Amino acid sequence: MAKDKVDKLEQKKRELQAELSGIQDELDDSIDSVRSDVSKKLDPKSYIRDHPLPVVGGAVFLGFLLGHSDSQSSSSNSGSSPDGKFTSTLLYELKRLATKKALSFATDFMEKKIDEKRANM
């Protein structure tokens, strides 16, 4: 009789360990899923791939605002200090590089879309 109780307890212990192991595996899978979802949502490249037109529109709008305010300030401060000239040159170069990068991204994106359409035909 005591042996039956010990056997039942051992059986119950094994069942609980198996259940606990299953729960731990589900938690690990869930955490991995959440981690990958969060990292994908926070990755700028994937956001740009998912929403290319709003990103390009925002970049153009931001470039317009920065370019417009820079052109007004440079026309009113034509005899500015060397620091001002350095800053305006730096901003000009940053704008130029951002424009090149945006155009490069846009052409790559369009080429991929065209290649996908060709592959589906």
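The values are calculated or read from the model by the stated rules, or taken from the named source; none is laboratory data. Because the structure is a prediction, the values reported are computed rather than measured. Counting neighbours? That spans all protein chains shown, and the Cβs are built from the backbone with ideal geometry, glycine included.
Looking at region 35-91, which of the residues that are exposed (fewer than 11 other Cβ atoms within 10 Å of the Cβ) and of a type in the set (Lys, Arg) is modelled with the highest pLDDT? This residue is 35. Take the conditions β-branched (Val, Ile, Thr) and in contact with a Phe, Trp or Tyr (Cβ under 8 Å, 6 or more places away or on another chain) and apply them to residue 38. Does it pass? Considered against the rule, which asks whether it is β-branched (Val, Ile, Thr) and in contact with a Phe, Trp or Tyr (Cβ under 8 Å, 6 or more places away or on another chain), residue 38 comes out as no.
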